[in-house]
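The values are calculated or read from the model by the stated rules, or taken from the named source; none is laboratory data. Predicted model only: the values in this text are computed from it and were never measured. Positions of Cβ are backbone-derived with ideal geometry, glycine not excepted, and every protein chain shown enters the neighbour counts.
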Amino acid sequence: MLSIKHPIQLVLIWRRILFVYIIGFIAFLLSNPALAHDPFSSTGESQLPIILSAVLIFFLWLSYTVGAIKVWPGLRHWLLFQVTSVIICLTIFGPLDEWAETSTAAHMMQHMFMMVLIPPLWVLSKPLPQFKAFFGKPVVWLSFPLLKIVRYPMLAAALHAFMIWFWHAPKLYILALENQWWHVVEHACFLVTAGLFWWAVLRSTRFTAARAFLALLFTLMHTGFLGALLTFANALLYGPERSLQSQQLAGLYMWVLGGIPYLVAAFWCGQRWFQQVIRRSKSIVHE
Amino acid sequence: MQKKDLRLNINPNAILINKLASHDAGQKNQSTSQYRNVEAPGQYLCCWVLDTQQPVQASERKHHDRKNSVAPGANQATNFTHCNQVNQTKQSRNAAQDRPGTNKPKSGTSPERITGIQVGQIGCYQSDQRRDREVNQHWVKRMACNRHSTDYVLLAHSTLLSILGKEQWSRKIISTLLLIFIFFLTSGCKGPQSTLDPAGIGASAASFLWWFMCIFFSIVFIGVVALWFYAMRPKEKTLKGYELAKVTRRMIIGGGLLLPTISILILIALGIPIGNRMMPFASSNDDVMAIHVVGHQWWWEVWYPKERIRLINEIHIPANHPVDIHASSADVIHSFWVPRLNGKIDMIPGHTNILRLQAQKTGQYRGQCAEFCGLWHAKMVLDVFAHTPETFQLWIEENKARNSNESL
Amino acid sequence: MSRSEIALQDKHREFNQVWGNPKGLRALTIVNHTTIGIRFMVTATIFFLIGGLMAMLMRTQLALPAQQFLTPDAYNQLFTMHGTVMMFLFAVPFMEGLAIYLVPKMIGARDLVFPRISVLGYFCFLFGGLMLLSSLLLGVAPNTGWFMYTPLTSKPYSPGLNADFWLLGVTFVEISAIVTGIELVVSIARTRAPKMALHLMPLYCWYILVMALMIVFGFPPLILGSLLLELERAAGFPFFDVAKGGDPILWQHLFWLFGHPDVYIIFLPAAGIVSTLIPVFARRPMVGYRWVVLGIITTGFISFGVWVHHMFTVGIPKLAQAFFSVASMLVAIPTAIQLFAWLATLLSGRPVFRLPMLWITGFLIVFVAGGLTGVMLAMVPFDWQVHDTQFVVAHLHYVVIGSMFFPLVAGLYYWMPHFTGRMASETMGRWAFGFTFVGFNTTFLIMHWTGLLGMPRRVYTYAPGVGWDWPNLISSIGSFIMAIGIAMILLDVLLHFRFGRKAPANPWGADTLEWATSTPPSPYNFISLPECPTRHPLWDYPNLPQTITQGKHTLAVASHGRRETWGTDPVTGEVREIIHLPANAWIPFFAALTLAVLFVSLLLQSYTLSVMMLVILSGLLLRWSWENGTHPNAAPHEQTEPGDPPLHSRTFDGPGLWGMAVSLLVDASMYMALLFGWLYLWTVAPLWHVPEQAPIGWLSLLISGLLLSFSGIWYYRLMKQVRKGHVSCLQMNLWGIAIVAFVHVLSLLWVFWSSSLQPTQIAHDAVVFVMFVYVLFHSVLALIMTIQMALRKAYGYIGKQALYEPIVVEQWWLYTIVIFWVTYAAIILFPLSWAGG
């Protein structure tokens, strides 16, 4: 396997690249005239929310990368996090976002990335120690209530479900499309709740494994349900400028493509739960 | 010709004798060749009475029936609207008299007139017509199937007897299956409603797909069954260790995962383009003719919106020209299906579905309701006539003219 | 030596006193799973013969073109009833009956976990079946096809009682299927032999577990659909009426949401039989156990996502068709895994070709052919041609007869010595197979061809000259040959009672625990319950049958008068508690009888009688739930043998908890279907419209919901205390909760009363009405159960040592709260966010 025990060289190179990035990014921000726009009342022309979210993501990435220098996560986790970051950037700033303006299907693809691709990858890359290394104690305090949710997979799933259905209600969906600020809020809701959900599921303990399994099945069912509705709908739910075909395709993405990660995770989770229980019962017998 | 007659007389008469008990005495004086007498006229009567709810004026109907009496239409063999006509070869007979008080609606068209036009024009259509007339007279099915049917009975009988007589039936089963298979191959795929006798773009594609899948899956089937019998052979010892792992891996990964996955991929690669071809896409030339068909219990209302022509239980289309059928229903769910032209599409109240028809040659194509729609579902038949563009134009002009005359 | 034998005989007598089956009229009270299972199977077989007779009549009619043997109406009634009887009265109940008979024996238990529910299930099945068939005698049998498409089944097009018979009768029978499904799930999860971990469970039980779960999720949509359609027919609620904002396609979705999984509900237990028999006759363990289990579960999942392939001609968006086409083909993968696991088992074993294997071979040939035509049908362009033709008829008979009937007969011959203690005739069985197999293929192989020649299905006759004459005649001849074969099986079964030789112990050299019982089995199966730390107990421990009968294993005491079996961990199979089971009782029989009268009164629309029956039924059910837990009739005293765990009613972990959870899954599945209908109509119904003014006040409903949440959360917090053992003010608290819940119910009724709903005018209001009634029903039941708990506390059935029951009710409370707020979001908030058109 690939593994670098002392990635000093890598770190040195990265520091230099980092520096260039930061300088360039700040220069870009300052040169952008869109800063003058009034948030929340503008009708979507504003670039500010995009920039802000970019800053936020960049900041997170930066803190991880710096944290990784202090506490090396291992190449595999490190790479996973970097790949996830690239996917996040592609999802939010790539062409998908532009297509999403007019195509329900592209928008759904964007949402699917945020719900079933980025969060599980992020969870699997286990970035907490690095964040902790960067931020110190405050991040632990801040994340404390969130960490509590993670212990209740069904609660996390319910929260996630609420967010999904909330933002797919026609008026709210259109609101998010028309106003960039709300769009960012929408995406944040998806990312955060999905992150919690996947965390609760993928890193379930032996006490929560059974519930994590149920939470996965529940999520599989209700997202499929929403997908089915979008697939069969004859009415244009999200305004007349999007085609019916695109809406149907969006439904299928959610139903079928979106279902696959949940199903795979359910099998994985079920297997893990089963083995934990069996191993435990065997160890009890041996005692 | 004599030989043919003989053959033709075997089947229907044999069947007819069985049925004579249920024959009404009054009907016996009619020609024995009129096999349809076995059907209770009362049932049709009932059907027609129900039909009177149609929004077609009585005067119009009479008018057309009179026109109808000129010559036997090519559609008579299959169109059940004519089934109750006592003798379709009598030309002087007025159809309306056969069904006193029933007001059978007849559409605003007269196929015989088209026949007249086409006599000099379309050879293919003529021959079709001749064949249909033969069918009419003898009330048997198409020649192609008939040719082999008697042979088959002999084979089947001998097989059955031998099965009953001998103990080694397993071999006999295989031979019976083989015989049935041979029967499939030798008897034609012809038939006025056969999906395997395609005359339209969609139906051709589906037919191709069928033959491909039939051969492909036959090979899979034989392979699996052969493997089963190979596995069932008596053996000395149970496999263990490495050999067992090998068998397991081969079977489950190879047979359980790869075989179906590859088959599915092949089928998808083949099926999606075919499906696309059958769909009513906006084609490059937007010159698609629209015909609205509304299903009723138990008849078809046909409406040409541009030409303002209304028909019942028959559709006239130009051959080699795409036609979109806009299918809907006035009461329950029906399904529009003309097997030789394309697949079926459901006719659902409140919804309009579109099906594209494109006949590749002129002729008459039988269609039938494919979704169970109540008491007389079995009798909900329609005919599609595909004409050459010129003939079709003539037909349009004529019907348009008459329609406008009538509306005045 | 003789002293120990005498002691053993005494022990058996003791067990017979506790477990024995009464004779005469009191036989109606028997709750024993062996008896109930056999009753299920025998009744289903009789229904099968009736259904087969109908098929014979139809084949006679179609033998020749333009026949007059049957009138079209008679034919329509026959094909509708043939499908209905075979699916609802034969295939599913027979498979359930076999599972009821086998599952407890295979997992080393003495009975199913809710024995009284089995009785209710059986009588619901019997009465429902009789109700359906009576329509045939009265000449008003359903005549609109077994999938009852609206609007043909709506009042204007089917004014008679025909459709009502179907809707009510099938709903009645489905109650049976569902309660049995729940029972099987809980039994398999909670009563396996000690140490029988999930991965050591016989494959048959895996199949039954997945089948039962599929029933739990699959049947409720049809029940809901039937209820909605019956409401439309009886009260004029326009769910499926386009003109008033409904949509007929909604029915098709609800039907196939059930209908497709139903095919697998039939197939899976039959495949379970195959997976049980093949290792026995190959004389080696099944190859790829894990793969097969994975395949079963995957089949279960996929089958819920492919119902649209029955609707390819409806005009579904083409992208959806492509997706569903692929999804439908994907089912081939888990099926192929099972198939090749069977092949690998045979390849690596030393197969013996006994009679059951002959039928399994028949199964293989027919089923593979049927599966392959199934993949063909999943090809949308081809389906457009052959959908609703005789090709589909041929395909479905290949699949259903191939995958269900052939393994079933194989299983019948295999377990015949177990049922009766006698062997059936091998020669006659071979002849029967020959006739059935040849007849079947003659009938249905050529039917593919008939379909390809364009013959639609469900036509009572056909014109001569279209090319369908000969194929139909051959099919009819074949069907009569097949009938001879089936008659021979029957004859064989009947004759073997008289002439069959006595079966030796474990005649086939099987590996599973059911062969460790005596044949025919005693009512208590095993006098002592063995541990089962292996997949093949009888191969690994050949002495097991002897040691079991000698009482050398656990729970070998019945002097306390309780029926006992082990309650074990759902995953590991570690012993957790002793489950004590109720004894024979009249209540289930009377409950089923009252239900039958209720359904008949609904059919005849004499609603006074219905209300009366409803009152009686509630009384019976309350009494039923009263004789539970620590009630003297259920568990006279709580002493157990030293070293044994406590009785389940004295823990927090009884099977009732699981029963409630699985029942709520049924409930949730039904609610999901209702919610689907609501949102579906919003987005699809062509003439959907919403009343100008919201029919229900948002504020009053909100207040009502807050009351509900308050009482529910109170209950939840109370249970937290109960779990810790604090029970000082339990009764007071329960009464307090009941009062708040009562106020909530009153407020809900007031909201309902003051609403401007016009459920007969527009589909919107009709659905809101149903949702409202659904919520109300749950609130009322939560109230009743809370009162019952308070009363039981007052009577002392709940106390410091027995706190189990209120915990069971807790789930119901939480569920009620959740569905209330989901309903609130659906009917109050969702319309506010509607922007489409």
**Request:** With the condition kept exactly as written, say whether any residue in segment C:254-262 is hydrophobic (A, V, I, L, M, F, W, C) and within 29 Å of C:S348 (Cα to Cα).
**Result:** no
**Asked** Taking segment B:188-234, which residues are facing another protein chain (nearest Cβ under 8 Å) and in a loop (DSSP other than H, G, I, E, B)?
**Response** B:C189, B:K190, B:G191, B:P192, B:Q193, B:S194, B:T195, B:L196, B:R233, B:P234
**Fill in**
If we ask which residues in segment C:407-436 are under 19 Å from C:K502 (Cα atoms) and among the charged types (D, E, K, R), their number turns out to be 2
**segment C:368-400, subset of a type in the set (F, W, Y) and touching a residue at least 12 places away in the same chain (Cβ under 8 Å), residue farthest from the other protein chains (Cβ to nearest Cβ)** = C:Y398
**Asked** So how many residues does segment B:235-269 have that are aliphatic (A, V, I, L, M), under 52 Å from the mean Cα position of the chain (by Cα) and more than 8 Å from every other protein chain (Cβ to nearest Cβ)?
**Response** 6
**Asked** Quick one: how many residues across segment C:498-520 are more than 29 Å from C:T436 (Cα to Cα), in contact with a Lys or Arg (Cβ under 7 Å, 6 or more places away or on another chain) and assigned to a loop (DSSP other than H, G, I, E, B)?
**Response** 1
**Message:** For segment C:291-349: of the residues being within 11 Å of chain B (Cβ to nearest Cβ) and of a type in the set (S, T, Y), which is farthest from B:R277 (Cα to Cα)?
**Reply:** C:S348
**Request:** Check off (1) more than 14 Å from C:L708 (Cβ to Cβ); (2) in a helix (DSSP H, G or I) for C:Q758 and give me the number that stays unchecked.
**Result:** (2)
**Fill in**
Inside segment C:350-360, the number of residues satisfying the requirement of being within 7 Å of chain B (Cβ to nearest Cβ) and touching a Phe, Trp or Tyr at 6+ places or on another chain (Cβ under 9 Å) is 2
**Asked** Can you pull out the residues in segment C:645-677 that are surrounded by fewer than 21 Cβ atoms within 10 Å (Cβ to Cβ), under 25 Å from C:I827 (Cβ atoms) and of a type in the set (F, W, Y)?
**Response** C:F676
**Message:** Residues that are within 14 Å of chain A (Cβ to nearest Cβ) and either touching a helix residue (DSSP H, G or I) at 6+ places or on another chain (Cβ under 9 Å) or in contact (Cβ under 8 Å) with a residue 24 or more places away in the chain (or both): list the helices (runs of 4 or more DSSP H) wholly contained in segment C:580-685 that include at least 1 such residues.
**Reply:** C:655-684
**Request:** State all residues of segment C:435-461 that are of a type in the set (F, W, Y) and facing another protein chain (nearest Cβ under 7 Å); if no residue qualifies, say none.
**Result:** C:F437, C:W449, C:Y460
**Asked** Any residue in segment C:173-190 that is surrounded by fewer than 24 Cβ atoms within 10 Å (Cβ to Cβ) and under 30 Å from A:Q275 (Cβ atoms)?
**Response** yes
**Request:** Quick one: count up the residues across segment C:724-751 that are closer than 28 Å to C:K800 by Cβ, surrounded by 13 or more Cβ atoms within 10 Å (Cβ to Cβ) and in contact (Cβ under 8 Å) with a residue 40 or more places away in the chain.
**Result:** 9
**Complete:** The one condition C:G629 fails out of (1) over 27 Å from C:L126 (Cβ atoms); (2) in contact with a strand residue (DSSP E or B) (Cβ under 9 Å, 6 or more places away or on another chain) is (2)
**Asked** Being modelled with pLDDT under 85 and more than 8 Å from every other protein chain (Cβ to nearest Cβ), is that true of even one residue in segment A:222-239?
**Response** no
**Fill in**
The number of residues in segment C:265-320 that are closer than 12 Å to C:L203 by Cβ and among the aromatic types (F, W, Y) is 2
**Asked** Restricting segment C:277-306 to residues that are of a type in the set (G, A, S) and over 27 Å from the mean Cα position of the chain (by Cα), which is surrounded by the fewest Cβ atoms within 10 Å (Cβ to Cβ)?
**Response** C:G288
**Item:** B:R340 of a type in the set (D, E, K, R) and surrounded by fewer than 23 Cβ atoms within 10 Å (Cβ to Cβ)
**Value:** no
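Residues checked against (1) in a helix (DSSP H, G or I); (2) surrounded by fewer than 20 Cβ atoms within 10 Å (Cβ to Cβ); (3) modelled with pLDDT of 75 or more:
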| position | (1), (2), (3) |
| --- | --- |
| A:P39 | no, yes, no |
| A:G44 | no, yes, no |
| A:I57 | yes, yes, yes |
| A:P73 | no, no, yes |
| A:Q82 | yes, yes, yes |
| A:I87 | yes, yes, yes |
| A:I92 | yes, no, yes |
**Prompt:** Taking the stated definitions as given, is C:L495 of a type in the set (A, V, I, L, M), surrounded by fewer than 19 Cβ atoms within 10 Å (Cβ to Cβ), in a helix (DSSP H, G or I) and over 28 Å from the mean Cα position of the chain (by Cα)?
**Reply:** yes
**Prompt:** Among the candidates C:V42, C:V92, which residue alone is crowded, with 20+ Cβ neighbours inside 10 Å, out of contact with any Pro (no Cβ under 7 Å at 6 or more places or on another chain), more than 14 Å from every other protein chain (Cβ to nearest Cβ) and part of a helix (DSSP H, G or I)?
**Reply:** C:V92
**Asked** Looking at C:L78, C:L130, C:L112, which is the one that is more than 14 Å from chain B (Cβ to nearest Cβ), within 25 Å of the chain's Cα centre (by Cα) and not in a loop (DSSP other than H, G, I, E, B)?
**Response** C:L130
**Message:** One residue is enough: does segment B:367-378 have a residue meeting the conditions of a type in the set (A, V, I, L, M, F, W, C), away from chain C (no Cβ under 14 Å) and surrounded by fewer than 23 Cβ atoms within 10 Å (Cβ to Cβ)?
**Reply:** no
**Message:** I'd like to verify a number: residues in segment B:341-359 that are within 16 Å of B:I315 (Cβ to Cβ) and more than 7 Å from every other protein chain (Cβ to nearest Cβ), how many?
**Reply:** 9
**Request:** Taking the options A:A210, A:A266, A:A235, A:A200, name whichever one is without any contact (Cβ under 8 Å) to a residue 60 or more places away in the chain, over 17 Å from A:M115 (Cβ atoms) and of a type in the set (G, A, S).
**Result:** A:A235
